Amino acid sequence: MKLRIKGNSIRIRVSKTEVANFEKNGELNESTFFGTNHFHYCLKKTNASSTLYSDYQNNCITLYIPEEIATEWTTTDMVGFNHKMPLGNDEHLFLLVEKDFVCLDNTFEDQSDNFPNPNAVC
């Protein structure tokens, strides 16, 4: 899982294996270690909401994906989904979850488990 945070937006990209694991287990977890501290980010299926939402507790960002959206995303060609989560005072947190495609330009990153990029075919 890749995490990108910029201002009030969170984007998570997920590889083929991770999508399959999410379909099977209903959640994905990733950690970054900072010496004695850990930062975590997670995706979890939920029946508690019909929209994507997030929280931050105990050094963990969790994005909760409604069961219906999760099923469609993991079993079809659906690339991703997003939601502007209201925070109050006319503020929103933009959430985006998407399948990770192979980059079209040169990169040093291992992309062997990424989804084929639809823009690679003319």
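Every number here is computed from the coordinates shown, using simple stated rules; none is lab data. The shown structure was predicted, so the numbers you read here are calculated from the model rather than taken from an experiment. Note that each Cβ is placed from the backbone with ideal geometry, even for glycine, and that neighbours are counted across all protein chains shown.
Electrostatic tally near residue 75: other residues with Cβ closer than 14 Å to its Cβ, Lys and Arg +1, Asp and Glu -1, net -1. Using θ = phi - 60° and the Karplus form 6.51 cos²θ - 1.76 cosθ + 1.60, what ³J(HN,Hα) does each residue of the stretch 7-20 get, whole Hz, x for Gly and Pro? The phi angles translate into x, 9, 9, 10, 10, 10, 10, 10, 6, 4, 5, 5, 4, 4 Hz. Near residue 60, the amide H atoms lying under 5 Å from its own belong to 40; only residues 5 or more places off or on other chains count, and H is placed 1.01 Å from N.
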